[in-house]
Amino acid sequence: MARLPLTGGCLCGKVRYEISKPLVSAGYCHCTRCQRRTGTAVSASARIAPGSLRILSGEELIKAWRPPDGFAKLFCSNCGGALWSQSQEDPEVISVRLGTFDTDPGIRPSARAYVSCAAPWEPIPDDGLPRFPEARKG
């Protein structure tokens, strides 16, 4: 279990946040949208407990791309660093990018979603995690 609060931020350090409650779950997303957003084959994120995210600095720099479907993608407008995604239907549903934490967040991805879109140039490792063709179930 990681020490709380968990802290993190963007690449340039102007956006800083803390999470006051233990993380709920974590997973990998192989969707095309995540591939294009990150420039990599997969995105690793952790779902947070509702109401546990507090922005410490740089709130004015946080911008969002809101696709017509799916989660909004929030990022630092100064450095472009991806921060988290947020449900457009329920803003309390937030998944923070694991790479933004300052220290080990104490959670590991437990499933792989959207494997039907997996990048052909990066094979999915045989790690035993459950795989879902589309969104993770449950």
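Basic side chains Lys and Arg get +1 at the Cβ, acidic Asp and Glu get -1 at the Cβ, and with that the dipole of the chain about its Cα centre reaches some 60 debye.
Its DSSP H runs of at least 4 residues, each contributing -39,500 (n - 2.57), put the calculated 222 nm mean residue ellipticity of the chain at -1500 deg cm²/dmol, to the nearest 500.
In terms of the mean number of neighbouring beta-carbon atoms within 10 Å, the peptides 58-68, 43-53 order highest first as 43-53, 58-68.
Taking square-rooted eigenvalues a ≥ b ≥ c of the alpha carbon gyration tensor, is the chain rounded, prolate or oblate, where a/c under 1.5 means rounded and, failing that, a/b exceeding b/c means prolate? Note, shape of the chain comes out prolate. Per-residue 3J(HN,Hα) values for region 92-102, derived from phi via the Karplus relation 6.51 cos²θ - 1.76 cosθ + 1.60 with θ = phi - 60°, read 7, 8, 10, 10, 8, 5, 4, x, 8, 6, 6 Hz in sequence order (x marks Gly and Pro).
Roughly what % antiparallel, to the nearest 5, for the DSSP beta bridges in the chain?
90 percent
On a 1.4 Å probe surface of the protein chains, which of THR100, THR32 comes out largest in accessible area, and what is the full order?
Working: THR100 15, THR32 55 Å².
The ranking, largest first, comes out as THR32, THR100.
Just the protein heavy atoms count here, and of the accessible area of region 66-109 at 1.4 Å, carbon and sulfur take up 48 percent. Evaluating 6.51 cos²θ - 1.76 cosθ + 1.60 at θ = phi - 60° for every residue in region 57-74, the Karplus couplings come out as 7, x, 3, 5, 8, 6, 10, 9, 9, 10, x, x, 9, x, 7, 6, 10, 9 Hz, glycine and proline recorded as x.
Please calculate how many Å² of accessible area the chain carries per residue, with a 1.4 Å probe and no DNA, RNA or ligand atoms counted. Before the final figure, lay out each step's value.
Working: 7710 Å² over 138 residues.
Per residue, the chain has an accessible area of 56 Å².
The values are calculated or read from the model by the stated rules, or taken from the named source; none is laboratory data. What you see is a predicted model; the values in this text were computed from it and never measured. With ideal geometry, Cβ positions are generated from the backbone for all residues, glycine too; neighbour counts draw on all protein chains shown. Quick note on the areas: whole protein, heavy atoms, side chains included, nothing else; ligands and nucleic acids left out. Shrake-Rupley method; radii C 1.70, N 1.55, O 1.52, S 1.80 Å.
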